[in-house]
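All remarks here apply to the structure that follows.
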Amino acid sequence: MNDLSIHEEEKGTSAAIIRGIAARFASMGVNIGGFDAYSTSDVLSGSGLSSSAAFETLVGAIININYNDCRADEAEIAKIGQYAENVYFGKGSGLLDQTVCAYGGFVFIDFLDTDKPYVEKYSFDFEKAGYKADSEKDVFSLRRCPMCRRTAQAVRLSSCVFSSAWLISLGRANVPM
């Protein structure tokens, strides 16, 4: 990528996210380069299920691995994604979705210090909690909560979307932990 400037015509596109993430890494002194990647998702754009944060984390990880010797940790990858979404993609966002996606799984996040959020990971045994992996569809079928089951089947949950923040927003009472 030779041109890392903001392109107004790209706002709202995956290209804007890629350019924004590359620009942020470059501003950190990382000598970036190109890559070929293919991604697909069944999550609808703008559905509120962290699709942009998941994509930002993917692109951030690709650049971090290939050009930054994995020096950026999860918190930095999340901030880079947020920057790309806010500045290049043109959508204001907080840091929650990006942080959950970067860390993966179930996490507790305290944003008292937004420059350095406190993150604590939790292990979770899906089978023990009554969830079963549906290998045919590669989603989790939630046996105890009809709303959760329908939603999970509809969006083919990724580990990013199936996060503690998302589960809590559905209501803890419906999701045994």
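The values are calculated or read from the model by the stated rules, or taken from the named source; none is laboratory data. All of these numbers come straight from a predicted model, not from anything done at the bench. Ligands, DNA and RNA are stripped out before the accessible areas are found, and what is left, the full protein with its side chains, is counted by its heavy atoms. Shrake-Rupley method; radii C 1.70, N 1.55, O 1.52, S 1.80 Å.
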Residue-level accessible surface for Glu8, protein heavy atoms, 1.4 Å, Å²: 130
Return the subset of Lys79/Lys121; Lys91/Lys116; Lys79/Lys128 for which the Cα-Cα distance in this structure is over 27 Å, preserving the input order. Lys79/Lys128
Taking the solvent-accessible surface of protein heavy atoms with a 1.4 Å probe, what is the per residue accessible area of the stretch 38-84 in Å²? 52
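Using a 1.4 angstrom probe with every protein chain in place, what is the largest-first accessible-area order of Arg19, Arg71, Arg24? Walk me through the numbers on the way to the answer.
Numbers: Arg19 30, Arg71 160, Arg24 85 Å².
Per-residue accessible area, sorted high to low, gives Arg71, Arg24, Arg19.
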Residue span Tyr118 to Ile65: 0.36 nm per residue of separation minus Cα-Cα distance leaves a gain in nm of 16.7 nm
Got a sec to turn the phi values of the stretch 102-112 into Karplus ³J(HN,Hα) couplings, 6.51 cos²θ - 1.76 cosθ + 1.60 with θ = phi - 60°, whole Hz, x for Gly and Pro? 5, 7, x, x, 9, 9, 9, 10, 10, 9, 3
Got a sec? What order do Tyr118, Tyr103, Tyr67 fall in by accessible area at 1.4 Å, biggest, i.e. largest, first? Tyr118, Tyr67, Tyr103
Can you compute the radius of gyration and Dmax for the stretch 58-120, using only the Cα atoms, both in Å? 11.6, 32
For Thr57, Thr99, write out the residues from largest to smallest accessible area, computed with a 1.4 angstrom probe and no ligands counted. Thr57, Thr99
Could you give each residue of the stretch 75-85 its phi-based ³J(HN,Hα) in whole Hz, using Karplus coefficients 6.51, -1.76, 1.60 with θ = phi - 60°, and x for Gly or Pro? 4, 5, 4, 4, 5, 5, x, 4, 4, 4, 5
Using 0.36 nm times the number of residues separating Phe35 and Ala129, minus their current alpha carbon distance, what extension gain do you get? 29.9 nm
